[in-house]
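Asker: Sharing a structure, written as structure tokens. Questions coming.
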């Protein structure tokens, strides 16, 4: 895994040790985030993979890869209960993912958008969104891990709850 952070401690006059975390913004982490449109503003490097862009969305035509979204026909068929989720996933796999190389997609993602991207789908529930399948395809086909995230720190590979527990300030 690429080293994306360096830790150091510093003692202040109050004799409290503080954790200083420096993130190297130029080095991509091995994590590609997946999330949904309603919380897309939490991420600095968001890339839409959807046909749906609301007027108030931080996803724009410029940072939206519609070509990685499933066809609107398949989306409508799923929404209208003409097909089930398994059939939708099979259609997405056949019509989009099987025709692309995940390493080329990831290389282009970093080239166009830089390090620490978050792929944004429309649905809150990742099980009801193609982004979960897209993420698995990336994870299986590249050296990157694509995972569901809800905060920018997770894209950098940090679990803030673990850091808080590990570095709880205890006066000396």
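Asker: For segment 78-92 and segment 102-161, what is the separation of their C-alpha centers, rounded to whole Å?
Answerer: Each part's Cα centre sits 22 Å from the other's.
Asker: When only C-alpha pairs under 8 Å and at least 6 residues apart count, what is the relative contact order of segment 29-155, in percent?
Answerer: Normalised by residue count, the contact order of segment 29-155 is 45 percent.
Asker: Take 108, 46 and order them by how many other Cβ atoms sit within 10 Å, fewest up front. Kindly include the intermediate steps, with their values, before the conclusion.
Answerer: Values: 108 13, 46 24.
Going from least to most buried by this count: 108, 46.
Asker: Arrange 59, 138, 145 by Cβ neighbour counts within 10 Å, fewest through most, would you?
Answerer: So the ranking, lowest neighbour count to highest, is 145, 59, 138.
Asker: While we're on this one: Once a ≥ b ≥ c are taken as the square roots of the eigenvalues of the Cα gyration tensor of segment 29-155, is the result rounded (a/c under 1.5), prolate (a/b larger than b/c) or oblate (a/b not larger than b/c)? Please report the intermediate quantities before stating the final value.
Answerer: Details: a/c = 1.67, a/b = 1.25, b/c = 1.33.
Cα axes put segment 29-155 in the oblate bin.
Asker: Let me ask something else about it. Please arrange 129, 84 by how many other C-beta atoms lie within 10 Å of their C-beta, fewest to most.
Answerer: Lowest to highest Cβ neighbour count: 84, 129.
Asker: Would you kindly state how much longer the chain becomes between residue 160 and residue 56 on full extension, computed as 0.36 nm times their sequence separation minus their alpha carbon distance, in nm to one decimal? Walk me through the intermediate numbers first.
Answerer: Numbers: separation 104, 0.36 × 104 = 37.44 nm, distance 2.90 nm.
My answer for the length gained is 34.5 nm.
Asker: Please give the length that would be gained between residue 95 and residue 38 if that part of the chain were fully extended, namely 0.36 nm times their separation in residues minus their C-alpha to C-alpha distance (nm, one decimal).
Answerer: Additional length available on full extension: 17.8 nm.
Asker: Hey, with R₀ at 41 Å, roughly what FRET efficiency would residue 111 and residue 83 work out to, going by the Cβ-Cβ distance, to 0.05?
Answerer: The pair residue 111/residue 83 has a calculated efficiency of 0.75.
The numbers here are math on the coordinates, done by the rules we state, and not lab data. Just so you know, these numbers come straight off a predicted model, no measurement behind them. Positions of Cβ are generated from backbone atoms using ideal geometry, with glycine treated the same way; all protein chains shown enter the neighbour counts.
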